[in-house]
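Data first, discussion second: the structure below is written as structure tokens.
Nothing in this text is a laboratory measurement; each read-out follows from the coordinates by a stated rule. Source: prediction; values computed, not measured. Don't worry about glycine lacking a Cβ; one is built from the backbone with ideal geometry, like all the others, and counts go over all protein chains shown.
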Amino acid sequence: MSVVEKLRERFGTAILGEEVSCDQISVYVDREVLPEIMRFLHDELDFKHLADLCGVDYLGWKGKRQKKERFEVVYNLYSISRKEPLRIKVSVPEEDPRVPSVTSIWQVANWFERECYDMFGIRFEGHPDLRRLLMPENWPGHPLRKDHPLELEEEWPEYEKLREKARELSRYEWGDRRVRGG
Amino acid sequence: MAPTVEIHRKQIGHPEWDEPFVVNMGPQHPSTHGVLRLFLELDGETIVGCDPRIGYLHRGLEKLSENLTYSQALVLTDRLDYISSAANNTGYCLAVEKLLGLSVPRRARLLRTIVCEMARISSHLLWLATHALDIGAMTVFLYCFRDREWLLDIYEKICGARLTVSYTRIGGVRLDFTPEIVEELYRFTEEFPARITDYETLIDVNRIWLKRTKGVAVVPPEKAINMGLTGPSLRGSGVPYDVRKFKPYDAYDEVEFEVPVGRNGDTYDRYRVRMEEMRQANRIIRQCLDKLPETEGEPVVAEGAPDLLMPEKKKSPQAVPHPKKGFLVKGAEVPVVPEGEVYVSIEAPKGELGYYIVSDGSGKPWRVRVRAPSFVHISAIPEMVKGHMVADIIAVIGTLDVVLGECDR
Amino acid sequence: MEGILKVAMPGLILVVEALVLLLVALLHVAYTTYAERKIIGHMQQRLGPNRVGPRGLLQPIADVLKLLTKEDIVPLGTEKTLFYLAPFISLVAGATSLAVIPVWEKFALANVNVGLLVILALSSLSSYGVILSGWASNSRYAFLGGLRASAQVVSYEVAMALSLVGVMLMAGSMNLAEIVKAQVASPFKVYAIPQIVGFFVFMISAIAETNRVPFDLPEAETELVAGYFVEYSGIRFGLFYLAEYFGMVVMSAVAVTCFLGGWSGPFEIPGVPFFWFLVKLYALLFFYIWVRATLPRYRYDQLMGLGWKLLIPLSLLNILITGLIKLWV
């Protein structure tokens, strides 16, 4: 019995569909029961290795496959004992971007989820420490969303503050005089 | 006096000092291997809390890739783990090839395997050099750099670049090896095992080295998997998970090699695993070189591989159904990269390097996600250093072999 | 006039002697840095300094000039007096020890009867420079370095002093010249053979005392960046550097005097009575450099363990055995 069949048997309607691309199976699951499904996969089907967790933004998607919601969170699992990969996907609507956290199952999910929050603004409920990871704390917007510009049109406002600070410090003897005036 | 000065007035060690002793290690620090910043909360010399802060090298590589064609994005992957760029290229190309459904000629696969293993050796040499230097053994550092220099010179002969090679391309490799390169590689593989033995005699019998590495940052196997450790860091804990064996790519299914694993999962075991891996990598290069003459004259790029200047559409070689009219048309325009998504991982020197690419059928990737081993490994640092001493944090950063270019992307 | 000269003459001679000794010692220190870079360079298959002067021989002078002309930065929030004073404490304490060392039979600047005690006292004092600079810098790395230094002093000072007790027992004197004479008269000519344990302990604690690899924890470059002198720049940084090498020279000189027979040698070299002293000194300095090129660094707790669990018991045992032999033989 394949993994997908086992999942269907156990969770029934929570398995929303499956999809094959380049011989790789993706399973869409309901986000409300995601922790239980993940716990089942981890404990009973032996998917001990969470290889990757990332978000995808489908805003303005022109592909043939229909996307119901704007975001997807993708979990790439791997079973080391059975040498079997599996991809779990969760659709996340734009107006309510939240997904239950899986940090209690995989420790590695901690930073993956923080990064996903940082890049897409998807909130992971139950995450112990959901802060921005790569971007500055006060960065406007979430950079990997499709509507975030590749290049900001004006300067990041914080940068001017930094220069202000440098100007202020340069009054002192120990400040670097070269940054005066930016 | 401005308030900024008042902060400095408070004396460390003064009886009135009542805050926890926080040391801000990095982003400029000799041994954080780049721009890693660690907030260390100390109790004397013992680490109570550790909070890594990353993002100082964040170049928005994933965002950039979405705005470039597939071939252009290839060049960006060089800048991930800039110490082993050939491996990054290979991983990316494998992912795109899987989307395209291309099969790479055997000679190109052999050549890729060779450059990947060269990347592994040069990455591990750099790791050994800096790890030893961090722990205090200065001489090993320069010895390792001597050998790494040789490898970089060979890279230069192969493709003209030393660090950011971009040697592989979608569907194969850029250039064939000349006989001189093969000869030089043979010379390298002949001499290299003796060099590794040299390094081992330099530090492996050293009591201080053993004291500094044995029993430091022990990770049990289940925990290592749960924390997402991969590559040598995971194998040091005794889990024989190696993508080259589990999901063979390129020419790894036709060469013989062993996957060394550790027993205790401490820093010393990870060191032993990497040393042994260098020997195995040497062996793989040797076998691939031996197989090269069998494929003499084969093309090194697959037929139908996209051009470097990738157009969004191309003429289809077979008849395809017309999008509107529904009947088969010959010479119709089809997308260069069909719609789909793929997750491909390879065994990069640092660990499992995965690419998750979503294509919408246009000439540019919809989403490129890089699963960077260093990213995961840095997230494991707080867990690994808890209860250890300040000196051990250096050993832990060294033993995880992190590169910040890959972590921040 | 003559009267004044008669009174002033010994003092004048002493000043000149002291100046000559200081100059020679400074040259030694400067060229130890050169030798260190060159030797380690060759051990690591590179060239070492070779740009300034023939074979890079003028490199130490260039270094000093560079350090002198660099800006002397004093960070805000430091304890100014101590911050200024600390490098001098280190350097003066290190350099003063040279006064009691007998370079040859007739030349010791101060032939005091408690020479060994003076050296021990001064070498502990030089650690104060390190501790104070660590505290006065008001920087976290420097503070950690200072803490490490104080812990290191407490444990290794004891081991070093105890290792010298055996020598004192055998020679029956604390005067360094007397110790050398007693050594020459002893059956082995050098104390390194009967006092092999003491010699071993002394050499290890001397490395720890001078904060060199593998015991360079107070400055541990890859952990604490530069440890106690991380906030120092220009010539103050240079003074610490100088103090370290002075310490190295002094410790080697003490080892030569107490364990290797001082100025005595297998045969006389006419005209250069201090020839053997220098040869032994250079050999020991080479040993220091060699160790630096080879060994990794200890961890803090391991260092303390080594000091308290191995070196101090060993030296105590050594004293006991030496005392018993002295009593019965």
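Tabulated data for the structure shown
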quantity: Cross-chain or 6+ apart pairs with Cβ under 6 Å, segment C:34-60 first and within 12 Å of chain B (Cβ to nearest Cβ), then among the polar types (S, T, N, Q) and outside any loop (DSSP other than H, G, I, E, B); calculated: C:GLN44/B:THR139
quantity: Test result for C:VAL118, in contact (Cβ under 8 Å) with a residue 60 or more places away in the chain, closer than 27 Å to C:VAL184 by Cβ and either of a type in the set (A, V, I, L, M, F, W, C) or more than 14 Å from chain B (Cβ to nearest Cβ) (or both); calculated: no
quantity: Selection from segment B:383-409 of residues that are acidic (Asp, Glu), crowded, with 24+ Cβ neighbours inside 10 Å and either away from chain C (no Cβ under 14 Å) or more than 22 Å from B:LEU42 (Cβ to Cβ) (or both); calculated: B:ASP401, B:GLU406, B:ASP408
quantity: Residues within segment B:112-139 that are over 18 Å from the mean Cα position of the chain (by Cα) and either closer than 22 Å to B:PRO306 by Cβ or surrounded by 24 or more Cβ atoms within 10 Å (Cβ to Cβ) (or both), tallied; calculated: 5
quantity: Members of segment A:50-83 that are within 7 Å of chain B (Cβ to nearest Cβ) and assigned to a strand (DSSP E or B); calculated: A:LEU50, A:ALA51, A:ASP52, A:CYS54, A:VAL56, A:VAL74, A:ASN76
quantity: Members of segment B:353-380 that are more than 10 Å from every other protein chain (Cβ to nearest Cβ) and either of a type in the set (Phe, Trp, Tyr) or farther than 24 Å from B:ALA119 by Cβ (or both); calculated: B:GLY363, B:LYS364
quantity: Filtered residues of segment C:75-85 (kept if in a loop (DSSP other than H, G, I, E, B) and either within 21 Å of C:SER126 (Cβ to Cβ) or without any contact (Cβ under 8 Å) to a residue 40 or more places away in the chain (or both)); calculated: C:LEU76, C:THR78, C:GLU79
quantity: Tally, over segment A:84-126, of residues that are assigned to a loop (DSSP other than H, G, I, E, B), crowded, with 16+ Cβ neighbours inside 10 Å, in contact with a Pro (Cβ under 9 Å, 6 or more places away or on another chain) and on the phi < 0 side of the Ramachandran plot; calculated: 5
quantity: Scan of segment C:82-123 for residues that are charged (D, E, K, R) and within 17 Å of C:TYR241 (Cβ to Cβ), ordered by number; calculated: none
quantity: Single residue of B:GLU156, B:GLU117, B:GLU97, B:GLU149 found to be free of Cβ contacts under 8 Å to residues at least 40 places away in the same chain, away from chain C (no Cβ under 14 Å) and part of a helix (DSSP H, G or I); calculated: B:GLU156
quantity: Segment A:8-49, residues that are in a strand (DSSP E or B), touching a residue at least 60 places away in the same chain (Cβ under 8 Å) and crowded, with 19+ Cβ neighbours inside 10 Å; calculated: A:SER26, A:VAL27, A:VAL29
quantity: Entirely in segment C:214-329, the helices (runs of 4 or more DSSP H) that have 1 or more residues that are more than 14 Å from chain B (Cβ to nearest Cβ) and at positive phi; calculated: C:234-259
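The rows are residues; the columns are (1) more than 14 Å from every other protein chain (Cβ to nearest Cβ); (2) free of Cβ contacts under 8 Å to residues at least 40 places away in the same chain; (3) of a type in the set (D, E, K, R).
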site	(1), (2), (3)
B:ILE181	yes, yes, no
B:GLU190	yes, yes, yes
B:ASP198	no, no, yes
B:ARG207	no, yes, yes
